[in-house]
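Derivation of every value follows stated rules applied to the coordinates shown; laboratory data play no part. Being a predicted model, the structure only gives us computed values, none of them experimental. No Cβ is skipped: glycine too gets one built from the backbone with ideal geometry, and neighbour counts run over all protein chains shown.
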Amino acid sequence: MKKYHILALLSAVLLFGACEKDKESFLQLDGENSTGPLLEVGQHETAVRFSSSLTGRYNGKKLTAVRWYTGPRAVSTTVKVYGPGSNNGPGTVLYTKDVSSSVRPFSWNEHVLDTPVSITGEELWLGIAFTHAETGQTIGCDAGPNKSGGDWLFTADGQWRTYIQRTGESVNWNIRGRVED
């Protein structure tokens with residue numbers, strides 16, 4: 001009889017855990033933070049492109065927060081969410097917020113969106129834009145290898161290109177999106 005009580009308790013714990021997992025998930029292409037690219041003085045924007053094949057499983061849910069790893073504090077930091085674009089850049093801005101005053105250096109940061117973004121199964125781009133007063137490693141990245149969409153960079157040259165195209169380094173930005181019902 002004792003075995004059945006333990007089995008019932010374990011089943012309840014597993015069932016509850018599975019239900020909790022369904023309530024909150026993350027869009028992410030990166031692994032654990034390893035380092036960050038050394039970027040020059042000026043304005044930069046890093047973004048992760050989540051294709052429709054990745055967002056499709058969350059169709060009907062909401063993007064409620066953006067989480068990212070930052071190194072030294074930048075002069076300014078802005079969270080951006082874009083809709084579907086092309087292979088060379090994001091589409092329409094769906095959400096933008098200056099979060100400069102709340103960024104904690106050398107740690108994971110999370111911004112809860114003032115207005116959640118509906119996930120429609122189309123691609124989403126999650127971006128972190130920042131301005132450097134000096135050369136720095138503001139955005140975190142994993143150790144690679146690069147996953148398609150994991151390393152987009154927009155800089156003063158006016159073009160979106162992947163970091164691997166620019167430098168040959170194979171990484172993914174530490175930028176994630178929290179998804180909830």
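Can you match Rg and Dmax of the Cα atoms in Å to one of these, (i) 16.1, 47; (ii) 18.3, 71; (iii) 28.3, 98, based on a calculation from the structure here?
Checked against the structure: label (ii).
Considering only the other residues whose Cβ falls under 10 Å of the Cβ of VAL66, what net charge follows from Lys and Arg at +1 and Asp and Glu at -1?
Details: positive: ARG67, LYS80, LYS97, ARG176, ARG178; negative: GLU110.
Residues near VAL66 contribute +4 overall.
Take every Cα pair under 8 Å in the range 13-160 that's 6+ residues apart, average their separations, divide by the length, and report that relative contact order as a whole percent. Don't skip to the answer; put the middle values down first.
On the way: 325 pairs, mean separation 62.4, N = 148.
Contact order relative to length: 42 percent.
Charges at C-beta only: +1 for Lys and Arg, -1 for Asp and Glu. How large is the resulting dipole of the chain about its Cα centre, in Debye rounded to 20? List each step's numbers first, then the result.
Values: 18 positive and 19 negative charges, 124 e Å.
Dipole size: approximately 600 debye.
Have a look at TYR163, GLY85, VAL179 and report the one farthest towards the positive end of the charge dipole of the chain, computed about the Cα centre with Cβ charges (Lys/Arg +1, Asp/Glu -1).
Among TYR163, GLY85, VAL179, the one farthest towards the positive end of the dipole of the chain is VAL179.
Just add up the charged neighbours of ASN172: K/R +1, D/E -1, any other residue whose Cβ is under 9 Å from the Cβ of ASN172. Could the numbers behind the result be given before it?
Details: positive: LYS147; negative: ASP30, ASP142, ASP151.
With Lys, Arg at +1 and Asp, Glu at -1, the neighbours total -2.
Among PHE106, PHE50, what is the fewest-to-most ranking by other Cβ atoms within 10 Å?
Sorted ascending by nearby Cβ count, the order is PHE106, PHE50.
Determine the distance separating the Cα centre of the range 26-80 from the Cα centre of the range 81-124; give it in Å without decimals.
Computed from Cα coordinates, the inter-centre distance equals 8 Å.
Just want the ordering: ARG178, ARG166, ARG49, from fewest to most Cβ atoms lying within 10 Å of their own Cβ. Kindly include the intermediate steps, with their values, before the conclusion.
Numbers: ARG178 20, ARG166 14, ARG49 24.
Final ranking by Cβ density, sparse to dense: ARG166, ARG178, ARG49.
Given the options VAL48, VAL112, VAL79, state which has the largest fluctuation in a GNM of the chain using a 10 Å cut-off (strictly under) for Cα springs.
Evaluated over the chain, the most mobile residue of the options is VAL112.
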